[in-house]
1. Once you have the Cα-Cα distance between residue 130 and residue 44, take 0.36 nm times their residue separation minus that, and quote the gain in nm to one decimal.
2. Any number yet on Rg/Rh for segment 1-155, C-alpha, Kirkwood?
3. For segment 100-130 and segment 268-313, compute the distance between their C-alpha centroids and round to whole Å.
4. Quick one: which of 96/122; 96/227; 150/275; 141/227; 96/307; 128/243 span more than 23 angstrom between C-alpha atoms?
5. Bin width 5 Å, alpha-carbon pairs only: give the P(r) of segment 187-271 as whole percents, running from 0 to the bin holding the largest distance.
6. Helix 55-71 sits at what angle to the longest principal axis of the chain, using alpha carbons and giving 0 to 90 degrees rounded to 10?
7. Report the one residue of 285, 53, 246 whose Cα lies farthest in the direction of the positive end of the charge dipole of the chain (charges on C-beta: Lys and Arg +1, Asp and Glu -1; origin at the Cα centre).
8. More than 19 Å apart: what percent of Cα pairs in segment 27-108 qualify?
Amino acid sequence: MASDAPPPLLDLTIDNITPNTNRINSQGDDARMKYLMTRLVTHLHDFARETRLSTEEWMTALNFLVACGQISSDEFILLSDILGLSLLVDSINHPKPPGATEGSVLGPFHTHDAPTLENGSKMAFDPKGDPIFCLCTVKDKEGNPIQGVKIDIWETDSTGHYDVQHAGRDEPSERCVMVSDAEGRFWFEGIKPVSYPIPHDGPVGKLLTKLNRHCWRPAHLHFMFGKEGWDNLITALYMRGDKYETTDAVFGVKQSLIVDYGTVDAEIAAKYGIKEGMTLLQHDFVLVTEEESAQLRDKNAVEALEKLGLRMKLVDHLPVPELD
């Protein structure tokens, strides 16, 4: 239970500020919240002590965060992405066993207004884009098709811009939602993805310049899969040979997600009513159940905490201190 009065905080120093901050932050009843705040404060304070953080550097960091917020909330997503935190959190929360499709970063350009299209539809109408035919399946680890999976799909136009980056956007473009059929298939016509820079005219872009890093992402198509009982999958397919394949600004590329183009043959052309000779992108996605993912997440958590020498228990799959 929370006490009526906070503990007295007197004569705080470099050495005792951390335990006292954690002490006063631990008056609530939420064990997970207390643990999160304790570790956050401990790591932040240790960082300041280890680096002997100057007042000027501290103010620069605060002003940087203020500037991020003044541009848009998307700037914080970009910051999380370029620091590798987005991929780390996804990897912790959605671990994939061997054979399952690996995840990638969501990025700031997914929207909730994409139209639901029938299989075989065009989802990109950029006249300057190079057309491709995408033929995909969604299956479980045993190779059984999964019907009724909702699939969000989005990509840039031929200039490397998402529709939301264009002024005056009045409707979605280069994005759609599809549903897998009885054979686990979904197929559509899009355009060849192109490399593009993440927004770099704000604080995050200035930080990348300061770090001597580029702001480019390799060509890719985004996918997000959702169905009740199955672990949500956010991923992307990356085109082999892109010049930024190994230096993605947001760390999203994985070997298993790099794909090659093919060519639509006569059989595929006849079956799906498309032009023979079109560029073909074919891929089989493999989902895992929520239960399987949760079990693997718990197993990974227990092993990681034991390596750190931490005495913890899991509550709703999240670690909290073991006090018994």
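Read-outs throughout are calculated quantities, based only on the coordinates presented, and are distinct from any laboratory measurement. These numbers come from a predicted model, not from an experiment. Backbone-built Cβ (ideal geometry, glycine too); neighbour counts: all protein chains shown.
1. 26.1 nm
2. When Rh is taken as the Kirkwood radius, the ratio is 1.12.
3. Spelled out, the Cα-based centre of one part sits 19 Å from the other.
4. 96/122; 150/275
5. 3, 12, 18, 17, 16, 15, 10, 5, 2, 2, 1
6. Result, in degrees: 40.
7. Farthest towards the positive pole: 53.
8. 62 percent
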